[in-house]
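Structure first, then comments.
The values are calculated or read from the model by the stated rules, or taken from the named source; none is laboratory data. Predicted model only: the values in this text are computed from it and were never measured. Backbone-built Cβ (ideal geometry, glycine too); neighbour counts: all protein chains shown.
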Amino acid sequence: MNRPSPAPTASAEKAEGLIIGKDMGTPSDRRTPEEASASATKARRVKLIRPPSLSPVHCFRSLASLTQYVDLLLTLSLHRLKVRYKQSLLGWAWALLQPLALMAIYTVIFSMVTKVPSEGLPYPVFVYAALLPWAYFSNALTASASSLVTHQQLITKVYFPREILPLSYVAVGVVDFLVASTVLAGLMIYHHVAITANALYLVPILLVETAFIIGLSLLLAAIQVDFRDVGLAMPLLLQLWMFASPVVYPLAQVPARLRGVYLLNPMAGIVENFRRVLLQGRPPDFESLNTAALISFLFLPLAYLYFKAREATMADVI
Amino acid sequence: MTIDLKLDGVYKRYRIKQAETDPRSAMGFVRRIRSRFLHRQDFWAVSDLNFEVPRGQALGVIGHNGAGKSTVLKLVSSITAPTRGEITIQGRVAALLEVGSGFHPELTGRENIFLSGAILGMRRKEIHANLDSIIDFAEIRPFIDVPVKRYSSGMYVRLGFSIAAHLNPDVLLLDEVLAVGDSAFQQKCIQRILELKHRSITIVFISHDLSAVERLCDRVLVMQRGNVIFDGGTGESIAHYRSLGQFQARSMVNPLAGVREAEITSLAFLDGEGNTASSLLTGAPLRARIGYVAHERIPAAGFSLFFWGLDTRLHCQFSTFLSGPRLDLGPGPGMVEFSCEELGLQPGVYVVDVNMERLGKAENLDYQSRCATIQVSAGKRVRGEFFSPHSWRMLEQGKAR
């Protein structure tokens, strides 16, 4: 393969050796089997399989190996999007229909039946701007928490890092989020809500939210392999959780003495600040955003550690 | 010599859950919680495995069901982790434990190539590069843009194998995958695997199809109850495996009926001359002998043999109660012989179940499933699903000049 270069700087001995080799009729670019296998070994990745353990080193290694599976993650995520609306009449409209329907219901209840303050904003815009990050959280979490259980067949027959499955659902959640955002843009234009430079804070806010979703997905998906109760409890849990987050009401309505406890829910800081930087054009409330970021970024590595330790024997119990 | 795969003191324990208790009762709930954490039965699927596979070797692993063969593949392919020990692999591994992994019925053949290929570890680039070759190998070009739910089962498995055949691994793990498609496609699969072998790819092949093992493997491990009991050349290992006898020791207690009243002890196939046969011919005579022990008198007994194809279809049944006298068995050992003048099974591999039952009660005294594997080779070559013994005579004919 590597033909020695006949550069003039090559030593006389080497050049001579090359000539002798040619004279003997040995093709210079063909290696003996020993050489071939020795150099192939160098290039080959050595994989060591050991009993499972809760080790951060193992975690880092698998995180590094995840780069090889980017293609799989992309393919699977695209596949989910492609398959979801096959043989459905409304197709992609469903991604819009769900948040719109919720917006309509909450508008009727919380601005007509009973009056909830909406910080001077038209209630539909106020609630939709919170439903958007909330729906991302709730849909991505529901789908990814059962992702391992719904792919039993794959898990017992093929190996790939199992976190790819929940991650592919989170990726789908991002796409749904973007689709549903177009409605918010329309609502903001219609109600003349101006956007300011503070809207750039959406990027870190969404990063915090995504980190939290991934962490929680990994944890719940891994637990559900043993206990299907997780999947059964999800709808109820999410319903309660939504009312424990400032979706239909503003954070300002939460009594000050409860605020400390209330903010332990990262979704509180995320939803509130999402709405605040976008609709009110104010800088984020750093107390709530920092709490959410701190919890999310501490939680994610711990959840990953747990997931990787459980991964090793998932195929046995699923 | 480079070692591509090395197992060093590998053990695998499975925890068996206790039988589910009634979820409605309060005690059942407590018991379920307890059984989650306390009362789990251990089962060692493999214990103390030590072997090495040098580069370019094709290693076969054979053994009865439950011997731990599939566990070996699952461990090496990282599907599940060992309980103890260490496995070292050099290079890229591809494992084929089923055909059509990750296929989605709604997607077209082409879309599924990308999906399944990605799941099996191919990059998009590689799949693009091999797309035509995959489609041609599977012989499904006219249907490539049709959803796979409209495929025939043959097309489905051909596509599945074709994707796997285009993986480019350093170490290839195969589990019974040759049991797909018609015999022409099976030949093609074997050809493909032999090609990979010539490219110095290390192969671990698990199969009940001894003839395929014989063609593909350089070395064979015989496993029994989680251990390697024989490690040698293909011929010796297969001979050793055959000498093991096909019967696993069973407990004398039938969990359903208390103490077993009777049990099957042996099964042998003989050819027309009465010699033991392991390979049989379509259209040739066949005799099958079932040995049994009755522990008490059984006034109305029946024996059956079931021949299952590797496609898991039941191809044929032999029974004592379709014709002939009624069997009234006294206590003690005995033997029944079935004989068949012209075997109707077409060439292929069949897995045989033996059943001994009490007639009139629909109660099985003993059912030995998958207790023998036989290979039927082409004797009388006929086309069709099966060979039906027949005779013929001339009724009318033009006068010969």
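Checked against the criterion of being without any contact (Cβ under 8 Å) to a residue 60 or more places away in the chain, of a type in the set (A, V, I, L, M) and out of contact with any Gly (no Cβ under 8 Å at 6 or more places or on another chain), the candidates A:Val158, A:Val116, A:Val108, A:Val125 yield just one match: A:Val108. When B:Asn65 is tested against (1) within 12 Å of chain A (Cβ to nearest Cβ); (2) over 21 Å from B:Asp4 (Cα atoms), only condition (1) is not met. Can you name every residue in region A:281-291 that is buried (at least 18 other Cβ atoms within 10 Å of the Cβ) and either free of Cβ contacts under 8 Å to residues at least 24 places away in the same chain or in contact with an Asp or Glu (Cβ under 8 Å, 6 or more places away or on another chain) (or both)? Within region A:281-291, just A:Ser288 meets the criteria. Residues to consider are A:Val174, A:Val108, A:Val127, A:Val193; find the one that is at negative phi and surrounded by 21 or more Cβ atoms within 10 Å (Cβ to Cβ). Exactly one residue qualifies, and that residue is A:Val127. The helices (runs of 4 or more DSSP H) found entirely in region B:68-140 that carry 2 or more residues being free of Cβ contacts under 8 Å to residues at least 40 places away in the same chain are B:109-119, B:124-138.
Considering each residue of region B:296-311 in turn, at least one proves to be at pLDDT below 85, in a loop (DSSP other than H, G, I, E, B) and within 24 Å of the chain's Cα centre (by Cα).
Condition check ((1) of a type in the set (A, V, I, L, M, F, W, C); (2) outside any strand (DSSP E or B); (3) under 17 Å from B:Ala300 (Cβ atoms)) across all residues:
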{"site": "B:Asp328", "(1), (2), (3)": "no, no, yes"}
{"site": "B:Val336", "(1), (2), (3)": "yes, no, yes"}
{"site": "B:Glu342", "(1), (2), (3)": "no, yes, no"}
{"site": "B:Val354", "(1), (2), (3)": "yes, no, no"}
{"site": "B:Gly360", "(1), (2), (3)": "no, yes, yes"}
{"site": "B:Asn364", "(1), (2), (3)": "no, no, yes"}
{"site": "B:Gln368", "(1), (2), (3)": "no, no, no"}
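Residues that are of a type in the set (D, E, K, R), over 23 Å from the mean Cα position of the chain (by Cα) and either part of a helix (DSSP H, G or I) or within 14 Å of chain B (Cβ to nearest Cβ) (or both) within region A:73-118 comprise just one, A:Lys86. Scanning region A:291-318 for residues that are outside any helix (DSSP H, G or I) and of a type in the set (Gly, Ala, Ser) turns up just one, A:Ala312.
For (1) touching a strand residue (DSSP E or B) at 6+ places or on another chain (Cβ under 8 Å); (2) away from every other protein chain (no Cβ under 14 Å); (3) surrounded by 13 or more Cβ atoms within 10 Å (Cβ to Cβ), each residue gets a yes or a no:
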{"position": "A:Ser147", "(1), (2), (3)": "no, no, yes"}
{"position": "A:Val158", "(1), (2), (3)": "yes, no, yes"}
{"position": "A:Ala185", "(1), (2), (3)": "no, yes, no"}
{"position": "A:Val203", "(1), (2), (3)": "no, yes, no"}
{"position": "A:Leu218", "(1), (2), (3)": "no, yes, yes"}
{"position": "A:Leu240", "(1), (2), (3)": "no, yes, no"}
{"position": "A:Tyr249", "(1), (2), (3)": "no, yes, yes"}
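When B:Asp353, B:Asp366 are screened for being of a type outside the set (A, V, I, L, M, F, W, C), surrounded by 15 or more Cβ atoms within 10 Å (Cβ to Cβ) and under 26 Å from B:Pro389 (Cβ atoms), only B:Asp353 passes.
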